[in-house]
Every structure is written in C-alpha cells, then in structure tokens.
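The values are calculated or read from the model by the stated rules, or taken from the named source; none is laboratory data. Quick caveat, the model's predicted, so the values are computed rather than measured. In this analysis, Cβ positions are derived from the backbone assuming ideal geometry, glycine residues included, and neighbour counts consider all displayed protein chains. Surface accessibility is based on the protein's heavy atoms, side chains included, excluding ligands, DNA and RNA. Shrake-Rupley method; radii C 1.70, N 1.55, O 1.52, S 1.80 Å.
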Amino acid sequence: MPDTALNLFGEAAPSAATSQFAEIVFDRPLDHAYSYGVPDHLRDQVAVGKRLLAPFGRGDRQTVGFCVGLSGVQPSRQVKNIVQVLDEEALLTDNLLRLTRWLADYYLCAWGQVLNAIVPAGVKDRAGTRSVLYVELIPETLWPNPVPSMTAKQKKVLGILQGSAKPIEINELRQRAQCAAGPIRGLIDKGFAHRKVGRVENPLVAEHTPDPMPMDEFSNPADLVLTADQTEVWAVLEKAVREGGFKPFLLHGITGSGKTELYLRAIGEVVRQGKEALVLVPEISLTPQTIQAFKGRCGDVAVLHSHLQNAERGSHWRKIAAGRVQVIVGARSAIFAPTRNLGLIVIDEEHEATFKQEATPRYHARDVAVMRARLENIPILLGSATPALESWHNVQRGQYTLLTLPRRVHDRPLPHVHLIDLRHDRHPDKRLHGLSPSLERAMTQALEAGGQVMLLLNRRGFATYIHCPSCGHVEQCRFCDLALTFHKESYVAMCHYCGYEAAPAEQCPECGQAQVRYQGMGTEKLQAEIESKFPERVVRRMDSDTMRRPGSHRRVLDAFRSGEIHILLGTQMIAKGLDFPNVTMVGVVNADVGLHRADFRAGERTFQLLAQVAGRTGRGPRGGKVFVQTFSPEHPSIALAAAHDYLGFAAAELATRHQHKYPPYQRLARLVIRSKDQEAAGQYADRLAAAFGPAMESAQRANAEAGELRILGPAEAPVFRLKGYFRFHFQLQSPSSAFLHQVLRAVVPTVRLPREVDLTIDIDPQDML
C-alpha cells in the first residue's frame with residue numbers, strides 16, 4: 001500500500017467531505033495506487049477486494065478499479081470521491097491480494113493489470129446470475145412512532161420477516177404469506193420493511209460440463225495396496241498434510257509409477273480435514289484420465305478449462321468463494337481460485353512450459369503456486385517424471401524435499417527404446433518418408449500381434465514449407481519472418497504464429513516456374529502415408545486442427561481405448577497423461593523437431609517430450625517398445641532419453657548451464673522491443689541497453705555487494721518480424737534476483753518509450769524466439 005496518497009497529475013481535486021478513503025489500482029501500467037474519498041452513503045458497501053467506479057484522469061473518465069486498502073487518514077492532498085461500488089461481495093481474499101501484490105512486484109507489471117487479469121470476465125460481468133427483489137425487515141428501533149395500524153395480511157407478512165435472519169425473496173414471501181403483492185407493498189410504505197435487490201445463480205446455467213471419460217472406467221479402490229515405493233512416499237506426505245505448514249515437495253516418479261494415486265490420497269486427507277485442494281494440470285483436455293480420477297475420488301470437484309462459457313466460469317468462481325467446492329482442478333489460471341480454507345496445492349507435470357503465461361502478467365503458475373503455498377502456510381506437491389531443471393536445482397539447494405518413485409507399479413519394466421538413425425535407415429527410393437523401414441516393420445509387428453500404436457510428430461499441417469527447386473524461393477508469411485505451412489485438407493497456406501492464410505502458389509512468384517514443391521512432414525501428410533501403407537487399419541489424428549470442437553478429445557480417446565482405432569498419431573498432446581494398456585508400440589517420427597532451436601532449453605524440452613511419450617507404452621502386461629527416428633542419435637538429450645536416464649541428463653545439462661551462466665544458476669530477464677517502424681524499435685533498443693551500464697555502476701558504488709549483471713544484446717530477435725512488428729531483444733542475467741529487479745526498476749522508467757514502440761519485460765522467460 002502507498003504511504004502517501006497520490007492524486008493523478010498532482011492537481012487539486014474536488015474536496016472530499018468524508019472520513020474514509022479507499023486506495024484503488026486501475027488496469028493501467030502504473031506502479032501505484034490512487035487515493036479516493038468514500039462518500040457516507042457508500043461506506044457500508046466499500047470493502048477491500050471489491051471493484052469501485054471512480055473518476056480518473058484530467059477528464060474524470062469513470063474507470064473501474066480494485067479497492068486494495070481502506071484508511072481513515074486524510075491524504076495530504078485533496079482527492080476525488082468514488083462514484084459506485086460494483087460488487088456485493090469482495091472478489092478477492094486477503095491472501096489473493098498479498099499473492100498478486102508479490103506477483104506484480106516480481107514480474108514487473110502493474111498490480112491493477114494483475115487483478116484485472118486474474119478475475120474471470122464471467123465474474124466481473126456477473127454472468128450466470130439474475131437480479132432478484134428481496135424484502136428486508138427494518139430494525140424495530142427505526143419503526144415509525146406511533147406504530148401505524150396493519151391489516152391481518154400485513155401482520156402475517158411482518159411475522160414472517162421477524163422470524164427470518166435474512167431478507168426474503170419477494171415471490172417466496174408472497175407464497176409463505178399466501179397473499180398478493182399489495183400487503184407487502186403496504187408494509188414497505190408504512191416503514192416496516194424496505195426493498196433490496198440481490199443476485200442469485202441462474203438455474204439455466206449448466207452446472208456440469210461433459211465428463212472427459214465415462215465414470216465407470218474408473219474404480220474407487222478403498223483397499224488399493226500401495227507399492228513399497230508409494231508406501232514410503234505416502235508416509236512422508238501424510239505426515240506433512242496432517243501437520244500443515246509450508247513444505248514444498250518434488251515427486252520424481254517415472255511414467256507409470258503411480259504418482260496420481262499419491263495425489264488422490266493427499267487430496268483425500270485434506271478434504272477430510274474440511275479444507276480445499278487445488279490441482280494444476282498443463283491442459284484439461286489433454287489429461288482426461290487424471291481429471292476423471294479426481295472426480296471419482298475427491299468429492300465436489302470444480303474443473304476449470306478453456307471450453308467453459310463465461311456464465312459457467314463465473315458460477316464455478318462463486319461456488320469456490322462460497323466454500324461449496326472441495327477440489328479445484330484447472331490449468332495455470334486456476335492458481336488464483338478464491339478458496340477460503342486451502343490445505344494443499346498439487347502441480348501435475350510441473351515441468352510443462354504451458355504453465356508460463358505469454359501475455360501480461362507473464363507469470364509462471366508453478367512459481368506462483370509455490371509462493372501461494374508459502375503465504376497460506378500449506379504443503380505443495382510438484383510431480384513429474386522429468387522435473388524442470390529449476391525444480392531439480394531447488395532440491396539440490398535444499399529448498400524442496402525430494403520424493404522418488406523409481407519403479408513402475410506391478411514392477412513392469414520401462415519400455416526398450418530403439419534409436420533409428422535416419423542418415424542410414426532409408427527406403428530404396430532414397431526419398432525421405434515419414435516412416436522409415438524399421439519403424440514400418442515395428443508397426444506391422446505390433447498391429448499383427450493385436451496391439452495398438454501411437455505416433456508422435458510435433459508438427460501439424462501437411463507440408464512444413466513450400467519451396468521452388470528452381471530458384472530456391474520459400475513462401476513466407478506477409479507479416480512474419482516464417483515459412484507458410486501447407487494444409488491440404490483445407491487447401492490453404494497458413495502461418496502458425498499470426499494466422500495469416502493464402503492460397504497455395506501453383507507457380508513460383510519469384511521465377512515463374514511451375515515446379516512448386518511441398519516439402520517437410522506434418523501430421524496431415526503422415527496420416528496420408530500411414531493410411532496408404534496400412535489401408536486395413538483405422539487411423540486417427542490428434543492435433544489442434546482436428547481437436548477444435550468441445551469433446552473431440554474425449555471421443556477419439558474413447559474410441560482408442562475401446563480398440564476401434566488401431567493407430568493414433570498426433571502432436572505433443574498425445575504425449576501427456578494418457579494410460580492405454582494395449583498400446584504396445586510408440587513411435588517418434590522426428591525427434592529432432594525443436595532440438596536445434598535458438599533456445600537454451602531446447603535440449604531439456606526434447607528430453608522431456610521423448611521421455612513422456614515413451615511412457616505411453618508398456619503399461620499393460622504385454623509390455624511395449626519405443627522407436628525414435630532421428631538424425632542425431634548421439635545427441636545427449638536423445639541418447640539419455642532412450643536410456644531413461646533423467647539423473648544423467650540433469651547432471652550434464654546443469655553443468656552446461658552453470659558454465660554458461662544460465663538458469664537455474666542465474667536469473668534471467670528478456671526485454672523485447674517491437675514496432676512497425678524498424679528504425680524506431682532499433683534506436684530505442686540501443687538507448688535502453690546503453691542505460692543499463694551507468695545504472696549498474698551506480699548501484700555497485702552504492703553497495704559493494706550489489707552483485708553482477710550481464711547484458712547480451714540488443715540484437716534482432718530470432719524471429720525478427722512477427723505479426724507485422726519488427727522485434728529487437730536483449731537479455732539481462734544476474735546471480736541475484738534482487739539486484740536484477742533493482743536495476744530494471746531504476747533504468748526502464750528513465751528511457752522514454754516512443755508512442756509507436758512497445759516494450760515487454762519477461763522475467764524467467766520460457767520463450768526465447
């Protein structure tokens with residue numbers, strides 16, 4: 001909260017004849033709150049966590065802001081008064097306000113922008129509710145004197161109101177008093193009661209979204225016997241959950257080791273204590289079995305996902321705030337659920353990059369979850385077969401407690417991984433096919449033995465670029481420095497970053513030759529090849545092109561589980577959270593996708609994806625095999641993933657990170673400057689980067705222990721033009737997070753940002769393109 005009141009533009013404002021003042025933050029890139037007077041008629045309505053309407057700026061434009069503090073101390077300057085209180089109940093708890101204040105400070109964004117982002121539109125718009133007229137009894141001390149006479153009907157209404165501890169909806173009151181509206185209106189006119197407008201849930205709003213999986217597919221085994229590894233881990237978790245207190249755990253369990261069962265037991269213990277549990281998953285639609293397990297075992301569950309309508313989202317929020325939900329499951333934004341008595345946070349697949357938001361506020365849900373657990377003094381459990389190196393480093397530093405599940409349930413072995421070297425394993429025609437001879441033979445053997453096959457190719461579309469062999473021209477997006485991807489089914493050339501679409505060229509626009517070729521392999525082309533080679537088999541594809549409609553994931557996965565589909569291929573969405581015992585073969589069509597990107601995390605992400613997709617097989621008694629096609633079989637990320645050696649990979653990669661001063665050993669901030677005017681963006685990037693040197697020297701003179709700061713850039717971003725904007729970037733690295741933030745706060749406001757230039761500050765960035 002600000003120590004002194006701030007008045008916009010420092011000008012004199014209308015005098016506030018009030019003794020109460022509200023501190024308000026707005027959805028603007030401003031780093032402070034503004035003081036406003038609270039008129040006497042609004043004093044009983046104002047509360048911290050509610051939205052207020054207030055005049056803002058020179059034109060006194062009525063603007064919505066969040067109340068973050070109340071005070072009886074007169075500000076040093078005259079202030080304006082608020083106009084209206086928009087919410088009946090506070091939208092944010094004290095703990096959420098503390099969490100969002102930390103988030104704004106750490107990720108260097110405005111508190112008002114954070115609050116506006118975390119409260120769903122359906123809550124702010126009160127979607128899914130309707131207005132209801134209530135009648136409320138006036139206290140007897142305020143009744144008219146002398147007391148007016150009343151009819152028998154009015155006396156009956158008065159008796160019902162006196163026997164109720166809260167206002168009664170007018171239609172209900174009429175029914176209970178067995179009267180028309182006249183006696184009630186008469187009682188109000190005589191001063192015994194008054195009307196009050198409230199809001200209630202609209203019964204037409206759907207209470208439940210379709211289940212991702214049929215309930216009868218999942219049992220509720222009260223007598224399930226844990227493995228020896230699970231028993232050892234559960235002893236530690238059970239004690240922590242029962243005792244409470246902030247305790248961060250990293251559960252490193254290989255695929256198929258039974259992590260979900262431990263989540264369920266910990267959540268069950270929290271629910272028995274009368275508390276709530278919050279579970280974060282990378283993407284609801286991609287983890288249907290995990291979600292359904294929670295629904296089958298954990299009481300009242302609210303599932304928050306991207307397919308919810310505003311009314312449904314608002315209804316879930318209000319239920320959670322009222323304490324009517326025991327377990328909340330959702331993607332990254334669910335970390336801001338307004339629980340009242342939180343007892344545990346669980347993050348499944350904590351390594352996933354989708355937990356990082358790429359728009360303001362650019363928070364990482366895993367790190368925000370750890371801070372929320374700290375603030376609420378509760379345990380938090382991070383789970384993964386391939387933990388993020390930041391989390392693994394926190395174990396090494398003693399910040400997290402490591403729990404391990406090194407073996408699969410039923411002692412089933414991890415699948416053997418075969419590396420297929422595409423430099424040598426080719427078809428006789430020497431052309432590059434999606435399926436090498438070895439992979440094709442393995443698929444045939446698995447299918448003939450009655451098994452099912454899953455194939456991963458993390459590139460959608462038919463051809464990844466359109467190429468002229470005569471002059472070398474490659475069709476590019478009009479707005480991005482990226483090649484267009486050809487989609488054959490919709491017959492369009494598309495940019496996967498900005499969505500630009502164009503008709504596929506029939507001749508080269510540069511040299512005019514009619515020899516345009518569609519090069520590269522996407523999931524659409526792979527499906528066509530598989531269907532031509534396995535015509536008797538049922539093949540389905542899962543990518544963002546085929547899974548657009550709500551329920552499409554569930555329908556395909558249901559059919560795959562029942563055996564109706566023999567071969568399931570797709571992008572990385574098939575690599576997560578799926579358990580199909582009859583899958584006896586998994587193939588990775590191109591392990592090199594993403595391996596050589598201009599990103600220091602490229603190797604880590606490749607290892608994680610390969611390890612996760614390999615874990616989709618061998619979960620049943622028939623076992624399984626994995627075949628990985630690559631041009632780089634000797635690369636550590638691929639070789640160690642094939643050996644299921646996370647510890648070896650982590651040790652090698654962390655050594656490289658330490659040598660090059662990359663996270664987790666140093667903190668990283670990435671600054672991206674973009675503009676449609678290339679020269680303006682470049683000049684601002686140069687001025688801003690130059691300002692850091694003097695600021696760093698000044699800070700070090702003032703404090704010899706201030707720390708070091710390394711500046712790389714500015715330079716053109718790897719994708720220089722994106723969505724019509726030219727982009728420059730540079731990054732700051734420091735072993736001290738506090739020093740990094742100190743320098744950023746000191747420098748950025750001193751370099752004026754031109755109107756036509758945008759600046760993005762990304763703390764702990766995940767996307768380096």
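Around residue 278, with a cut-off of 13 angstrom between Cβ atoms, what is the net charge of the other residues, counting Lys and Arg +1 and Asp and Glu -1?
Values: positive: 275, 332, 340, 366, 372; negative: 276, 348, 376.
Charge balance near residue 278 sits at +2.
Using alpha carbons only, how many degrees (0 to 90, rounded to 10) separate the axis of helix 152-162 from the longest principal axis of the chain? The two axes meet at around 60 degrees.
Count charges around residue 352 for me, please; just the other residues with Cβ under 11 Å from its Cβ, Lys/Arg as +1, Asp/Glu as -1. Walk me through the numbers before you get to the answer.
Working: positive: 332, 356, 366, 576, 605; negative: 283, 348, 349, 350.
So the surrounding residues net to +1.
Relative to the dominant Cα principal axis of the chain, helix 259-272 is inclined by about 10°. What the Kirkwood sum gives for region 649-697 is a hydrodynamic radius of 13.5 Å, with every pair of different alpha carbons counted. Estimated from the Cβ-Cβ distance and a Förster radius of 41 angstrom, the FRET efficiency linking residue 600 and residue 53 is about 0.30. Electrostatic tally near residue 599: other residues with Cβ closer than 10 Å to its Cβ, Lys and Arg +1, Asp and Glu -1, net +1.
When DSSP assigns beta bridges and you keep just the ones with both residues in the chain, what percent turn out antiparallel, to the nearest 5? Please list the in-between numbers first.
Working: 63 of 115 bridges.
Expressed as a percentage, antiparallel bridges in the chain total about 55.
At an R0 of 45 angstrom, the distance between the Cβ atoms of residue 427 and residue 665 translates into a FRET efficiency of 0.50. Reported value for region 413-538: 156 Å³ per residue, from the convex hull of its C-alpha atoms. Taking all protein chains as shown and a probe of 1.4 angstrom, residue 96 keeps an accessible surface of around 0 Å².
Normalised by the number of residues in region 602-657, the average gap of Cα pairs under 8 Å and 6 or more apart makes the relative contact order 37 percent.
Tell me the carbon and sulfur percent of the accessible area for region 459-529, rounded to whole percent, probe radius 1.4 Å.
Values: 1520 of 3600 Å².
On region 459-529, the fraction of accessible area on carbon and sulfur atoms equals 42 percent.
Relative contact order for region 11-84 using alpha-carbon pairs under 8 Å, separation at least 6, rounded to a whole percent? It comes to 43 percent, rounded to a whole number.
Classify region 99-168 as rounded, prolate or oblate from the Cα gyration tensor: take a ≥ b ≥ c as the square roots of its eigenvalues, call it rounded if a/c is under 1.5, otherwise prolate when a/b beats b/c and oblate if not. Here region 99-168 falls in the prolate category.
Suppose R0 equals 60 Å; then what is the FRET efficiency for residue 77 and residue 145 from their Cβ-Cβ distance, rounded to the nearest 0.05? Present the calculation step by step, with values, prior to reporting the outcome.
Working: r = 45 Å, r/R0 = 0.75.
E(calc), rounded to 0.05, equals 0.85.
A convex hull fitted to the Cα coordinates of region 654-769 yields 95 cubic angstrom per residue.
Over the chain, what relative contact order in percent results from Cα pairs under 8 Å that are six or more residues apart? Before the final figure, lay out the partial values.
Numbers: 1497 pairs, mean separation 77.6, N = 769.
It comes to 10 percent, rounded to a whole number.
Label sites at residue 552 and residue 242, each approximated as a point 7 angstrom past Cα along Cα to Cβ, lie 4.8 nm apart. Axis of helix 228-243 versus longest Cα principal axis of the chain: the two differ by about 20°, to the nearest ten degrees. Each Cα pair of region 63-105 feeds into the Kirkwood radius, which the Stokes-Einstein equation turns, at 4 °C and 1.567 mPa s, into a diffusion coefficient of 101 µm²/s.
Solvent-free Debye calculation, one equal scatterer per alpha-carbon of region 274-376: log10 I(q)/I(0) at 0.11, 0.20 Å⁻¹ equals -0.30, -1.07. Start at zero, step by 10 Å, and the Cα-Cα distances of the chain spread as 2, 11, 19, 23, 20, 13, 7, 4, 1, 0, 0 percent across the bins. Annotation for region 70-140: trypsin sites (Lys or Arg not before Pro) lying in DSSP loop with at most 14 further Cβ atoms inside 10 Å of their Cβ are 77. Ordered from longest to shortest, the equivalent ellipsoid semi-axes for region 362-442 are 43, 18, 11 Å, each the square root of 5 times a Cα gyration tensor eigenvalue.
For the chain, the per residue solvent-accessible surface stands at 45 Å², with DNA, RNA and ligands left out and a 1.4 Å probe. Subtracting the Cα-Cα distance of residue 358 and residue 397 from 0.36 nm times their residue separation leaves 11.2 nm of extension gain. Would you compute the Debye intensity of region 457-601 from its alpha-carbon atoms alone, equal scatterers and no solvent, and pass along log10 I(q)/I(0) at q = 0.09, 0.13 Å⁻¹ to two decimals? Each listed q maps to, in turn, -0.34, -0.68. Summarising the overall dimensions of region 31-93 from its C-alpha atoms, the Rg and Dmax are 11.3, 32 angstrom. For residue 497, project a label point 7 Å along Cα to C-beta. Then give me every residue of region 529-558 with its amide nitrogen under 19 Å of that point. No residue qualifies, since no backbone N sits under 19 Å from the label point.
Here the spin labels are modelled as points 7 Å beyond Cα on the Cα-Cβ line, and at residue 507 and residue 753 they lie 4.8 nm apart.
Taking a temperature of 37 °C and a viscosity of 0.692 mPa s, what whole-number D in µm²/s does Stokes-Einstein yield for region 572-621 with Rh from Kirkwood over alpha carbon pairs? Write out the running numbers ahead of the final one.
Numbers: Rh = 11.8 Å.
It comes out at roughly 279 µm²/s.
At a Cβ-Cβ separation cutoff of 4.7 angstrom, cysteine residues of the chain with no neighbouring cysteine are 67, 109, 179, 298, 498.
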